[in-house]
Amino acid sequence: MCHSMKNDHKNMLHDAYEYALEYLSNLADRRVYPDEQMLEELKRLDLPLSESPNDSAEILKLLHEVGLKTTVTSPGGRYFGFVMGATLPQTIASSWLTSTWDQNAALFDTSPLAAYTEEISLRWLAELFGLPKNCGGAFVTGATLAAFTSLATARNHLLKQQGWDVQKQGLFEAPNLNVIVSEEIHITNLKAISLLGLGSERLAKIPTDSQGRMLVNKIPDITGPTIICLQAGDLNSGCFDKFDEIIDKVSSDNTWVHVDAAFGMWALVSEKFKHLAHGIQGADSWSVDAHKWLNVPYDSGIALVKNSEALRSAMSFGASYLTPAPGKRRPTDYSPGLSSRARGIDIWMALATLGKSGIAEIIENCCSNAEYAATELSKAGFEILNDVVLNQVLVSFGDDARTDEVIKKIQQDGTCWCGGTTWKGRRAMRISVSSWATTKEDMRLSVEAMIACAKLVS
Ligand SMILES: *Cc1c(COP(=O)(O)O)cnc(C)c1O
């Protein structure tokens, strides 16, 4: 039994290795989004549920074949949809090991390795971003859960100052808590706010300037406990709020400033772009994604909270079987979940291998490709709707209907993939360059395809 099991591992992993290499070696030539016919392949997975075991090698082969046809080529260099990022070779490797080790990151007792890689990564991230050494952190599924974790901490902390214990007393009779956001807030923050019982429609929404930055003079005077959500890296324009000015204006014992820095936080690592995030360290918490610009596999986000004790107090939930480990990090004390993937491992791997300059290089490379795309599209006569300050480009191909038609053509063409958005009342195509793998040649080919598609639409 033991012997055959070992054999199984070897055969399965060997096949997976070959399939993965085949996939990766074809990345540059693949359609970036499967066409209708390729998507038909998905049906091959819909087998009758088997009464008895099937041959694993056969089933893995089927999965591979379907994957070759139907996956979105986001690990390549020409996927510019949403804000996504790819996967560094070394983090695919670390994630294979992480899956092999099957570590549960809940406790130090369930995995010292998971707990310790979180601890080191957290220290490194604090250093990279210029945050206090003892900054608290939670390793969660993404920026949405990172916002949820941070804002839960903010809510509990501010209400505790009012003598109200949310964990015990709930929210029904609680003192008032104001929430201020910008009109351009990423909707995932509104989701977090609504999940936390703070109401997505009882907040103050502050208008923004032409780039999507909160208008500082429209922020009301702070009266009573207030959470204010800012952003570093708008999903459309890539703009950053004016942290210095805003934090200076709202700062009090009664305010908690949270920054959605899902991808913008990484700008701090580059000498060239860190000025955009100037003053961001003055906030109380930050949500950051690792599966976007750090290019680690899904899913991976980090909540960073200056007041580590407030985070711990909001998230830890004692139970007799959850043994304390004095002096050791217990991940669940900082996060909404218990059992979880050891996300610290891939983050550790990325940071350990890239170092500061390696990360800066990814950021700067993406931004220079974004700038190139904006320049070339503008030369070809199309309007760029944002100041391209980072890795995001918004382009209009004419009126709304024409822009949508061109986006559709580009998506059908398959050379690259870009999505649409509405920016300041106008339809636009979004180009988000977030993959470490994007080369100048990828960008040249993509822009060429965009212009060719636009010419097909009258
Ligand atoms: C992607 C993104 C989010 C949501 O992050 P997830 O990792 O998808 O949960 C939030 N805010 C911004 C600015 C983003 O770009």
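Annotations for the structure displayed:
- Of all residues in segment 211-223, those that are part of a helix (DSSP H, G or I) have Cβ atoms under 7 Å from Cβ atoms of residues that are modelled with pLDDT of 95 or more, 6 or more apart or on another chain, in V216/K242; V216/E245; V216/I246; V216/K249; K218/I206; K218/P207.
- Residue in segment 374-394 that is more than 29 Å from D299 (Cα to Cα), under 26 Å from the mean Cα position of the chain (by Cα), small (G, A, S) and crowded, with 19+ Cβ neighbours inside 10 Å present: yes
- Number of residues in segment 402-448 that are in contact with a Ser or Thr (Cβ under 7 Å, 6 or more places away or on another chain), aliphatic (A, V, I, L, M) and farther than 25 Å from D387 by Cβ equals 1.
- A Cβ distance below 8 Å, combined with a sequence gap of six or more or placement on separate chains, defines the contacts here; from segment 417-446, residues that are open to solvent by less than 60 Å² (accessible area, probe 1.4 Å) reach residues that are among the acidic types (D, E) in the pairs G420/D404.
- Residue match in segment 304-311 (condition: modelled with pLDDT of 95 or more, under 20 Å from the mean Cα position of the chain (by Cα) and within 15 Å of the ligand (Cβ to nearest atom)): yes
- Here the condition is being without any contact (Cβ under 8 Å) to a residue 12 or more places away in the chain, over 29 Å from T223 (Cβ atoms) and surrounded by fewer than 16 Cβ atoms within 10 Å (Cβ to Cβ); of E201, E173, E127, it holds for E127 alone.
- Given (1) part of a helix (DSSP H, G or I); (2) surrounded by fewer than 22 Cβ atoms within 10 Å (Cβ to Cβ); (3) more than 16 Å from the ligand (Cβ to nearest atom), index of the condition I246 fails: (2)
- Single unsatisfied condition, L351 versus (1) part of a loop (DSSP other than H, G, I, E, B); (2) touching a residue at least 24 places away in the same chain (Cβ under 8 Å): (1)
- G136 away from the ligand (no atom under 16 Å from the Cβ), open to solvent by less than 40 Å² (accessible area, probe 1.4 Å) and touching a helix residue (DSSP H, G or I) at 6+ places or on another chain (Cβ under 7 Å): yes
- Filter result for the condition that a residue is open to solvent by less than 60 Å² (accessible area, probe 1.4 Å), touching a His at 6+ places or on another chain (Cβ under 6 Å) and at pLDDT 95 or above, over Y23, Y19, Y79: Y19
Here's the yes/no breakdown for (1) closer than 14 Å to S340 by Cβ; (2) under 20 Å from the mean Cα position of the chain (by Cα); (3) open to solvent by less than 10 Å² (accessible area, probe 1.4 Å):
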| residue | (1), (2), (3) |
| --- | --- |
| W96 | no, no, no |
| S99 | yes, no, no |
| Q103 | yes, no, no |
| R123 | no, yes, no |
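- Taking residues in segment 259-274 that are closer than 14 Å to N365 by Cβ, and partners anywhere that are within 16 Å of the ligand (Cβ to nearest atom) and open to solvent by less than 10 Å² (accessible area, probe 1.4 Å), the pairs with Cβ atoms closer than 6 Å and at least 6 places apart or on different chains are W266/W293; W266/I363; A267/A277; S270/I363; F273/A267.
- Top-ranked residue of segment 276-294 - restricted to ones that are assigned to a loop (DSSP other than H, G, I, E, B) and within 14 Å of the ligand (Cβ to nearest atom), ranked as farthest from G85 (Cα to Cα): A290
- Of all residues in segment 210-223, those satisfying the criterion of being away from the ligand (no atom under 16 Å from the Cβ) and open to solvent by 30 Å² or more (accessible area, probe 1.4 Å) are S210, L215, N217, K218, P220, D221, I222, T223.
- Residue count, segment 293-316 (criterion: surrounded by 24 or more Cβ atoms within 10 Å (Cβ to Cβ) and polar (S, T, N, Q)): 2
- Of the residues T91, T71, T98, the single one that is of a type in the set (S, T, N, Q) and within 19 Å of V32 (Cβ to Cβ) is T71.
- Boolean, G130 is in contact with a strand residue (DSSP E or B) (Cβ under 8 Å, 6 or more places away or on another chain), farther than 30 Å from L21 by Cβ and not acidic (D, E): no
The values are calculated or read from the model by the stated rules, or taken from the named source; none is laboratory data. Bear in mind the structure is a predicted one, so any value in this text is a computation, not a measurement. Ideal geometry is used to build each Cβ from the backbone, glycine not excepted, and the neighbour counts take in all protein chains shown. SASA here: full protein model, heavy atoms, side chains in, ligands and nucleic acids out. Shrake-Rupley method; radii C 1.70, N 1.55, O 1.52, S 1.80 Å.
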